[in-house]
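The numbers here are math on the coordinates, done by the rules we state, and not lab data. Since we're looking at a predicted model, the values are computed, not measured. When we count neighbours, we look across all protein chains shown, and the Cβ atoms used for this are built from the backbone with ideal geometry, even at glycine.
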Amino acid sequence: MDSVLNTFIEIRNDPYEWIRNWKEKNQDKKVVAVGVYHFPEELVHAAGILPFGLQEGNEPIVEGYSYIYPAYCGYSRSLIDMGAKGNMKIFDGMIITDICIQLVQAQRKYLRNFPQPHLYLFQPSLDLSKDRNKPDLMVDFAKLRGQIEDIAGKPVEDEAIRNSIKIYNKNRALLRKLHDIRHNNPGVIRARDMQAVVMASMVMPKEEHSALLEKLISELESAQPVQREGIPVFLSGHLCHAPKIEILDMIESMGGIVVDDDLHTGYRYYAKDVREDGDPMDALIDRFRQIEPDCISRMHPKNRWDEYLLRKSRESGAKGVIILQPKYCEHQNFAYLYQQKTLAEGGMDHILIESEHEMISLEQTRTKVQAFVEMIQAKSTDAVRRHNNVKQS
Amino acid sequence: MSNNPEKVERYHNRVAATKAIGEAVEAYYEKCWDDAEKGELTAWGEGIAYFPLIRAAGVNYIFADAMSARMGAKKFPYAKLAAADFGFLDESCSYARFHIGASRILKGDFPYDKSFDLRKIMAPLPNVYFNTDCCSAGNTWGDLLQRYLDIPTYTVYTRRVFNRDEWDPEMNHVTEQLKEMVTFIEKMTGKPYNWDKLREVMLILQQSAAMRQRMRELLKIKPAPLTYFDVLSTFSSFTILHGMPEAPKLLEGVIKECEDRVAKGIGGIKKEKYRIYWIGAMYWSRLGFMAEKMAKMGITVVGGTYDYMFYPFPEEIDPDKPLEALAYAPISCGYTTDNDLAPEMSDWRICKDLDIDGIIVWEAHTCRLQSGTNHDRADYISSRLGVPVTYVTGDFVDDAFFNEAQFDTRVQGLLEVIDARRRGK
């Protein structure tokens, strides 16, 4: 198990170093960096190109501040900083997805300041409530397909897309299986390792990832149940990049047991399959239009992340929700208004933890998490005591 | 001891005619309140809005961004508090926070000091919300209002355009959506859309844009008879009084006064020493304060990128092709297109005509749309004209992000660079 996990961990620890090494060994292969959220990676795969899911870099932001105001989220600042340092030249193209203004601006910084071939912005029409949404998306997705064909230097055939959809569906199914294993045997895999598995899926060739994942699943399925004392928690947030592993570790070390999540580097990435029959472009668009897991970046009256969060956290058996919010992420802050209200009204305790690119005030976060866990423990103890009192009387 | 208070020396010669615009705006808000009490429709909207389309339908339109500035200018603290109480963090878009906060107060969900008269501070609650999709915060803010107030919203989705090839298809895309928006408005009002009225509104907008272009010409004169702050204080003739017959007349009054000043050699500030270009938005809730501060330093702010928002050129407004003119506005705006295509950037030569000495970049802390483009814009112009730049931090309406000492130091630094360069010549 460790050797498989170590491959994933190696990628998680430095995805950019990993892809540099991979490129050296696969010089005939093209790699395109993509903003993963809402992005149909299958199209890139079908073109014979490796899609690399853009991750937040590890380095402190220095040069990037010459190009961007600091009140941008750590992910977009980090992308700009890596562009300023010239680190992204390894890619044969870069396609950032318009899920928020900060990422749109990051893409514009590349166009103007760090030019390299094939810099594109994928702009899927985000208003799902309109009749014109699907026709608009057909235009948006067709344009994207054309851009990918430009990078590949050849057409992307429907049959190739169908094949890629199958490969991606298989990987998603395996990830969901791992997700269920964690849910049924909490603690069998640490949150940081789960994240490594998902991040690696965004980076390495899907076929290789699925093969390794099958091995990992097989080993975990035969593992003994893990007896862990603690509070089951649901992790929510981080729509487009990974939360810091230091925070994940802290949650676990303070007695939190992660039983479910809706993170970008978690369930959100593998929740939805793409239909394998019919027109493949149509199927990719339909996947984009599915509301669950709800998020705030698309518009639809039924798109309610707060209600989804309450329902899913209850179903998972969590006793509390930990919302991980990157500083300056307006999407998440806007979503939080109804999340805090709905969770409170639904009797689900929650805590909001803000994080930054360069970790600050970890001790303050530790105190918050500790207080949250103790509060839930105290409630559970009270409930047991009340139950016993009732029985005795 | 004199009974008369000591007269405070003023450095900004404010164009007196701009006061009439402020009064007309206040009268408009009063009308909106009165109409709402009679059951007439109120619409709120944000961004580079398609407000003429709504005005022509006879629906009272409130430009949400301007309402935020109004709240800030009236020093009304409760909208911000109501937003924070709802779960907003301070770093999120201040316009959104002020609006959601205002909605909570208007709905009676958050207490406030009743000595404040809400009619003088905000606008009646909307029956509908229009959204221009100029940024993601705008979209989610619209979604939140829809849910919180249980009202319909209408979003016109605009793709960013980065090269000429993308321009025409996107014009068609937005124009088609505007036709659908007309159908939406017809359902909302229960009346057929008044296309003749739209033509009239666009004609008035065209006349107003011509006045604004004349102001740009006046700013090239030395000393400039008005400042950029005077120009900005006329903006409500576009954002609030658009399409109303009094708008171009009020602007004409401003121009006449400026032309009189030119004839008499009177400047927009007491003594013009520096001519500065302003990139980014503005500290809307403290416009007079900023105008005076600049004037006291001997700075005439002679122009800025914000002057190119909201239908800046008369030749781009064809009353016979209103939907095309409306579609052009957001697509051509520098916040949604690339610098080379944006009028304020491709028209950077205006900075040469204005004979600027330097650039101030206003970083609006809570606006990722605007602060995200500022660096490139400043670089674009300064590299072509060789003028120095300074960056200052603030916000549109949230005072928490403005530090006066830091502002003064950075601007003084800019002036010293300009002085040093002049000595070196």
Problem - Ordering of A:235-243, B:75-83, B:178-186 by packing [mean C-beta count within 10 Å, highest first] - result: A:235-243, B:75-83, B:178-186
Exercise for the section: Consider a paramagnetic label point 7 Å from the Cα of B:K191 along Cα→Cβ; state which residues of region B:43-75 have an amide N under 19 Å from it. Expected result: B:43-44, B:51-62
Exercise for the section: Rounded to whole Å and sorted largest first, list the principal axis extents of the Cα atoms in chain A. Expected result: 79, 47, 46
Problem - Projected label distance in nm at B:W167 and A:R386, using a 7 Å step from Cα toward the beta-carbon - result: 6.8
Problem - Range of Cα positions in region B:18-196 per principal axis (Å), largest first - result: 53, 37, 37
Exercise for the section: Quick one: net charge around A:K206, please, counting Lys, Arg +1 and Asp, Glu -1 for every other residue with C-beta under 13 Å from its C-beta. Expected result: -2
Exercise for the section: Counting only C-alpha contacts under 8 Å and six or more residues apart, can you give the relative contact order of region A:25-154 as a whole percent? Expected result: 24
Exercise for the section: Give me the angle, in degrees from 0 to 90, between the Cα long axis of helix A:280-289 and the longest principal axis of the Cα atoms of chain A, rounded to the nearest 10. Expected result: 40
Completion exercise
Partner shielding of B:126-138, as the mean number of partner chain Cβ atoms within 10 Å, equals 3
Exercise for the section: Please arrange B:E363, A:E159 by counting, for each residue, the other beta carbons lying within 10 Å of its beta carbon, fewest first. Expected result: A:E159, B:E363
Problem - Too-long pairs where the Cα-Cα distance tops 20 Å, listed order kept, from B:K256/B:K352; A:K30/A:K154; B:K31/B:K321; A:K244/A:K319 - result: B:K256/B:K352; B:K31/B:K321; A:K244/A:K319
Practice task
Would you please give the FRET efficiency between B:K264 and A:E63, computed as 1/(1 + (r/R0)^6) with r the Cβ-Cβ distance and R0 = 45 Å, to the nearest 0.05?
Solution key: 0.30
Fill in the blank from the handout: For region A:12-57, the convex hull over Cα atoms projects on average to an area in nm² of 3.3
Fill in the blank from the handout: Rounded to the nearest 10 degrees, the helix B:322-332 long axis (Cα) sits at an angle to the longest Cα principal axis of chain B of 50
Exercise for the section: Starting from one equal scatterer on each C-alpha and no solvent at all, send me the Debye-based log10 I(q)/I(0) for region B:197-424 at q = 0.11 Å⁻¹, two decimals. Expected result: -0.55
Exercise for the section: Take the cross-link list A:K29/A:K312; A:K134/A:K312; B:K120/B:K179; A:K109/B:K220 and give me the ones stretching past 30 Å between alpha-carbons. Expected result: A:K29/A:K312; B:K120/B:K179; A:K109/B:K220
Completion exercise
The helix A:305-316 Cα axis meets the longest alpha-carbon principal axis of chain A at an angle in degrees, between 0 and 90 and rounded to 10, of 60
Exercise for the section: Provide A:V258, A:V139 in ascending order of the number of other Cβ atoms located within 10 Å of each residue's Cβ, fewest first. Expected result: A:V139, A:V258
Handout entry: Fewest-first sequence of A:L216, B:L287 by Cβ atoms within 10 Å of each Cβ
Key = B:L287, A:L216
Completion exercise
Long-range alpha-carbon pairs in region A:25-154, meaning those over 27 Å apart, account in percent for 20
Fill in the blank from the handout: Counting other chain Cβ atoms within 10 Å of each Cβ in A:99-112 and taking the mean gives 5
Practice task
For an R0 of 51 angstrom, estimate the FRET efficiency from the Cβ-Cβ distance between B:V417 and B:D318 and round to the nearest 0.05.
Solution key: 0.70
Handout entry: MRE, 222 nm, helices only [DSSP H, n ≥ 4, -39500 (n - 2.57), over the protein assembly as shown, to nearest 500]
Key = -17000 deg cm²/dmol
Fill in the blank from the handout: So for R0 = 51 Å, FRET eff. of A:N163-B:D85 from the Cβ-Cβ r, to 0.05, ends up at 0.45
